[in-house]
Structure formats: structure tokens, C-alpha cells
Amino acid sequence: MFNKLAKFSLPVIMAGCLTAINAPVQALEAGDLLVRGRIININPSADSGNVTSSATGGEVAGTEVDVEDAYSLDIDFTYMFTQNIGVELLLDISSKHDIVGKGPTLSPMGTIIETRVLPPALILQYHFMPDSQFRPYAGIGLNYTMFLSEEATSSLDNGLGGVRDVELDSSFGWVGQIGMDYDLGNDLFFNLDVKYMDIDTTATFYSGALGNVSTDVDVNPWVFGIGVGKRFSF
């Protein structure tokens, strides 16, 4: 994961270093709007129980699931109420994730469900060094995660037979954030950002073999981002 992200980040870092030579530092001010665009890696630390089945009347052994990582883009808008305090509205382009089987029953099927994930968030930030060229920040807030275009794979359909009505519930959760902006001059800056998102869902579907199936999944991804931004002063 980190090697892939480094491949994207190296040109951005080099360009930022060249631009920053002799660039005047422009301190944050109340009323500033910071707009950032980032390449992100969404890396779930997923955990689930066994699925429950209406056909068996309980849990089915060896039927845990995992969620694989994905790359996407995000954009955020941060309004500075003071030099130190801002509020960020985070908007991602939806990322496509594979849900894979774990345990002896589901792991032979590989990817069992494909879905897109859209987790907008609102984050309260504190910027520690608003007068510096290097400006670290930390934040905490809320995210609302939507699961879109859920589909069972042919592997799951063939394994369980007649799979339909696949659905993953939307989720409210908290989000924690640390990051830094590095002033490049001319109201431009380089950005590094890490978030942890509290995301959980209940996955449900119907199959001929197991009847109505459900399982609770804690997705809980780390989101690693690198990009650039621009400050707008009003």
C-alpha cells in the first residue's frame, strides 16, 4: 500500500520543494477558505462475525468476511473561524471495494460482494501553527457512510445458489484526523492527511442454500491522503 502511495506522491513532493524555495509564508487568517484535493488509499481494518441464516436458524461456521482496500480521490473545503479553528467538509469520490470471504466456508469463493462506498464527513479542526510554513492540524468529527451499487459476484451466486437482494446498511460514525499543510507560496500548499473512520454496516441477502442471510461488519478504515490545496481569502 505505502509503495503504491509513494509512487503517486513523489512527483508532488518534488514539485512542492521546488516551488517552496524562497516562497513567502502566508499565515492563516479568520475567514480563509482552504480547498484541498488528494489521492487517497482507503485501507479497512475490517472485522465481522459469522453470517446468520434463516435456513439453519443460527450462525454458519466459517463464514466471516473481510473488506479489501481501494484508491480514490477526495476534495475538502475548510473554513477558518479563527487562525487556529476551522471546520472541514470532506467529500470523496466513491471508492469501489471487494468484500471477500474468510474461513473454510466462504474463503474458497474469493470476492463475494462488490460495492461502492461514499463517506462524506464534517470535521472540527485545530491548526497548531497558523503563522508557520509548516502547519500541522488535528480534527474530530462525524461521517455518514453510504454503500452503493451492491452486487453479489458469480462466485457467491454459484456457491450458494440464487443470491439476490444484496444490501449494505448506511452508517453514522466518528472520524479522527491528523495532517499537515506546507505553504508553497502564492496561496498554494502541499498536504498530507491521515484519517480513521468508524464505519459499520449490516450486510443482508437471500440465497437458495441459506435463506435470508445477514452479518455485521466493522469496516473501520484508515484513509491515507496526499495532495495539494489553495487558500482563498475574503
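The values are calculated or read from the model by the stated rules, or taken from the named source; none is laboratory data. Predicted model only: the values in this text are computed from it and were never measured. So basically every Cβ, Gly included, is an ideal-geometry build from the backbone, and we count neighbours across all protein chains shown. Side chains included, ligands, DNA and RNA excluded: accessible areas come from the protein's heavy atoms. Shrake-Rupley method; radii C 1.70, N 1.55, O 1.52, S 1.80 Å.
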Could you list all residues from the stretch 152-170 that are without any contact (Cβ under 8 Å) to a residue 40 or more places away in the chain and within 20 Å of the chain's Cα centre (by Cα)?
E167, D169, S170
Of the residues in the stretch 46-62, those that are assigned to a loop (DSSP other than H, G, I, E, B) and either under 15 Å from D218 (Cα atoms) or among the acidic types (D, E) (or both) come to A46, G49, N50, V51
Matching residues in the stretch 96-134 - criterion: being over 23 Å from the mean Cα position of the chain (by Cα) and either within 22 Å of D47 (Cα to Cα) or not hydrophobic (A, V, I, L, M, F, W, C) (or both)
G103, P104, T105, L106, S107, P108, M109, P130, D131, S132, Q133
Please identify the pairs in which a residue from the stretch 115-131 that is free of Cβ contacts under 8 Å to residues at least 60 places away in the same chain and farther than 20 Å from Y196 by Cβ has its Cβ atom under 7 Å from the Cβ atom of a residue that is of a type in the set (D, E, K, R) and open to solvent by 10 Å² or more (accessible area, probe 1.4 Å), counting only partners at least 6 apart or on another chain.
T115/E150; R116/K96
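Does N212 fit the bill of being open to solvent by 50 Å² or more (accessible area, probe 1.4 Å), part of a helix (DSSP H, G or I) and over 20 Å from A70 (Cβ atoms)?
no
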Taking only pairs six or more apart or across chains, which ones have beta-carbon atoms under 8 Å, a first residue in the stretch 191-216 that is acidic (D, E), and a second residue that is crowded, with 16+ Cβ neighbours inside 10 Å and not in a strand (DSSP E or B)?
D198/N220; D200/V219; D200/N220
Taking the stretch 58-74, which residues are farther than 21 Å from D157 by Cα and open to solvent by 30 Å² or more (accessible area, probe 1.4 Å)?
D69, Y71, L73
Take the residues in the stretch 75-96 that are buried (at least 19 other Cβ atoms within 10 Å of the Cβ) and at pLDDT 95 or above; name whichever of them is nearest to R36 (Cα to Cα).
D76
Residue match in the stretch 223-233 (condition: crowded, with 22+ Cβ neighbours inside 10 Å, over 27 Å from L142 (Cβ atoms) and over 14 Å from the mean Cα position of the chain (by Cα))
no
